[in-house]
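The values are calculated or read from the model by the stated rules, or taken from the named source; none is laboratory data. Source: prediction; values computed, not measured. Here the Cβ is made from the backbone with ideal geometry for all residues, glycine too, and neighbour counts use every protein chain on show. When the accessible area is computed, the model is the full protein with side chains, heavy atoms only, and any ligands, DNA or RNA have been set aside. Shrake-Rupley method; radii C 1.70, N 1.55, O 1.52, S 1.80 Å.
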Amino acid sequence: MSELTAKEDAADTSGAAAGNPNVWLSIRKLAARLSDWFSIQSIGMKALVLAVAVLIPVTGTYSFVLWQRQAAVAQQVKTMAGQSGGESLWTLDEAMPVVFGTGSVLGFLEQNTVERITVVYKPLMWNISERILLIESGGKQYAYYPSDMETKIFADKAVTASWGGKLVFIPRGELTATSLGMLEKLDERFAGARPQSEKDGWKAGVSGALSAALTLGLLGFLAFHLKGQFKSLRFIEPSQVHGSIGDLVGMDDIKKEVRQIKDQYERRAAYAEYGINKPFNVMFSGPAGTGKTKLASYLAKELNLPILFHSAVNLETGFVGGGANTLSRIVSMAKRRKRCIVFLDEAQDLFMKRGGNRKFDDDTQNMLLAILDGVRTKAEAEIIWIVASNFNSETMPMDEAMLRRFQMKVDFRLPNKEERRSIIEHYLSQRSEKVVNTLDMRHLVEVTEGRSPADLETIVNQAGITAVQAGELIDTETLMRAAERVMVGNVNTNTTKERERDRRIIAIHEWGHFLVDFELERKRAGSDWEKLQAEMKTIKISLKANPRNNALGFVFHKQGSNLLKTKSDIEHDVRVLLGGMANEELFFGEEGTTNGAHNDITRVTKLLHHAVAEMGMYRKTRLNFGALNESASRTVDDETRSIMELQSERLYSETKATLARLKPLTEHLAGKLMDQGEMSLKDALFEIRSFEAACFNFDSKVGLNGAAAQTPAPDAA
């Protein structure tokens, strides 16, 4: 229900590309999300993440230091290579014998005459080099494997020493097979005396790879959690909420309550002077689709507070402590934010009485009771807890301790007639260019009696979809078709298209409902057919199957406007429900009645139980015996059962007698309905007036009217 942006991440990305301020804002949002996630983790998880975070720079620094050392050695080799001039590509003299040198390299160079110094080198990793010195002196080549320190001194001395011009550098990869074989033997000889730079080569590589692996692993781990577990625990910033409380049409009384919460929060000090210093625990209750979530998001925007949306259904993990653990995480995130709103939706089960068989539910409720307690720390004083539910305190047993935690209660309701009109006009104004100018919404407003704002929005959206597919503008007929689609569901003619017997039974059944209601409304309207059409609740009679309630036909009607039901109203509702089966019995006999009246009989049973057991009707005393039965399964005592059966039989007989008088009219209407598939109220009334006018004229011709012939014939126009 909240009008939050559906593409928050995309908006953040586009904003980041716009300029540095937006980039900084995106970084701050990401940092806030990471901080929220970190605050809800266990101590072990926090320690693991911190350890990995510390290892990444440590291993990276270690690799960098080793590579710097090796780069220095490589630079020394490169410097010496530059001093060899054009003879740097000399080849190795394979005919001259090679012996192992003794002592230090510099000592040998100072004590002996040197003809040539050959440096055989090979790149190890990136900028790392290993080298073997072959010093030619006295017809022999003396092999040395200098250390890092010797290499540095050797490079420094080569600049001024006499032997500096006799240096020759040969890449190991350019040697012949014979020379390579000789060097392999030298490698075996110098295996234990390799320079530290070469020994550290693998360490630098492993350390660098470990640092990269830890970095990628940590980033992947955080990304997985941010998209998974943290997805359901995420604060929405006020800037991400679209719209404002002024966009809500109607329900001014409810918006006034929300503004009172805002005023009390903003002027806490002033209220505290009057002793009003309780925590901000707010309960939203009312039917689904009435705007509870939307109002919570708008309140967060007006107070400039981040809001966390979480469904209370997710607290029912089925494990002991599962829901309580989730609540603890939510509290940790809220404490870190200090000033915020926590919104728990669909929280009906949290208000149920404790002490059931499900221990994990009690744990969750006890945890929430502790959170919502009046005694709080200073860090929690500015956290607003809003718990929304669809419960009805009159029909559902509530936990008194939980209810006492909420000193602020906002009861949502369904919109009235004027509010429904305003809501529909509001949604139509958003697509005004695609709506016809002459739009009559009176019928639609009446049809949607008892529907929520969310249902009205769905109807307008469905009308838009239908208009797009038909390539036309939204008009009255389009809106009515959309209302039928939303309120009745998908219908089809294929289910009974080739089954003539079933179609006739359905037609007889549906006309039974209609004609019982028609007779009462006709008495109330007198001879005013326009008033009759306006007062009747029926909109359409159809032979199309409705998969939503497994009905092979339906009567589409609007809800009654009377909030209070009299005894007469209840009896009329029972007669209308029994009209379908009564008509079947009149036409096909008692053996021909079908199970199509199953839903009707169920509703009749509930209505009569409400009248007899709960309202005390048809009894000597007005007592509600149903209130004494606290168990989930209702039991009916013998007296109540006897009264219900007696009244049901009486009302059924009256219904059957009424329909018996209208049997010829029913036959006529059933034939018309089978031909057309469905009929509107206007069409049905036209057929009734035409049939009665024809019967009146026929009776007049054969002299059957008697005194009634003095009255004019019914107008079928």
Note to self: For the condition under 21 Å from residue 294 (Cα atoms) and of a type in the set (Asp, Glu), what is the one hit in 477, 472, 457, 446?
What the structure shows: 457
Check: So residue 277 clears everything in (1) under 12 Å from residue 384 (Cβ atoms); (2) free of Cβ contacts under 8 Å to residues at least 12 places away in the same chain except one condition, right? Which one?
Finding: (1)
Check: What number of residues within the range 552-570 satisfy the criterion of being in a loop (DSSP other than H, G, I, E, B) and either of a type outside the set (A, V, I, L, M, F, W, C) or modelled with pLDDT of 80 or more (or both)?
Finding: 8
Next item on the list: Output the number of residues of the range 389-412 satisfying the condition of being open to solvent by 40 Å² or more (accessible area, probe 1.4 Å) and under 15 Å from residue 352 (Cα atoms).
Entry: 10
Notebook entry, point to check: Within the range 497-507, is even one residue open to solvent by 70 Å² or more (accessible area, probe 1.4 Å), among the acidic types (Asp, Glu), outside any loop (DSSP other than H, G, I, E, B) and at pLDDT 85 or above?
Noted result: no
Notebook entry, point to check: Hey, any hits in the range 460-480 for a residue that's on the phi < 0 side of the Ramachandran plot and at pLDDT below 85?
Noted result: no
Next item on the list: Identify the single condition in (1) within 19 Å of residue 180 (Cα to Cα); (2) at pLDDT below 70; (3) in contact with a Ser or Thr (Cβ under 9 Å, 6 or more places away or on another chain) that residue 89 does not satisfy, given that it satisfies every other one.
Entry: (3)
Next item on the list: Please find, among 378, 353, 292, 335, the residue that is of a type outside the set (Asp, Glu), farther than 20 Å from residue 239 by Cβ, modelled with pLDDT of 80 or more and surrounded by fewer than 16 Cβ atoms within 10 Å (Cβ to Cβ).
Entry: 335
Item checked: Test set (1) more than 30 Å from residue 57 (Cα to Cα); (2) open to solvent by 50 Å² or more (accessible area, probe 1.4 Å); (3) modelled with pLDDT under 85 - residue 250 fails condition number -> (2)
Note to self: With the requirement that a residue be assigned to a loop (DSSP other than H, G, I, E, B) and open to solvent by less than 60 Å² (accessible area, probe 1.4 Å), what does the range 457-476 give you?
What the structure shows: 475
Item checked: Those strands (runs of 3 or more DSSP E) lying entirely in the range 108-156 with at least 1 residues surrounded by 14 or more Cβ atoms within 10 Å (Cβ to Cβ), modelled with pLDDT of 75 or more and among the acidic types (Asp, Glu) -> 129-137
Margin query: Name the single residue that is farthest from residue 477 (Cα to Cα) among those in the range 668-696 being of a type in the set (D, E, K, R) and exposed (fewer than 14 other Cβ atoms within 10 Å of the Cβ).
Written below: 675
Note to self: I'm checking my understanding of the structure. Among residues of the range 356-369 that are more than 16 Å from residue 387 (Cβ to Cβ) and of a type in the set (D, E, K, R), which one is modelled with the lowest pLDDT?
What the structure shows: 359
Check: How many residues does the range 413-449 hold that are open to solvent by 70 Å² or more (accessible area, probe 1.4 Å), assigned to a helix (DSSP H, G or I) and closer than 23 Å to residue 285 by Cα?
Finding: 2
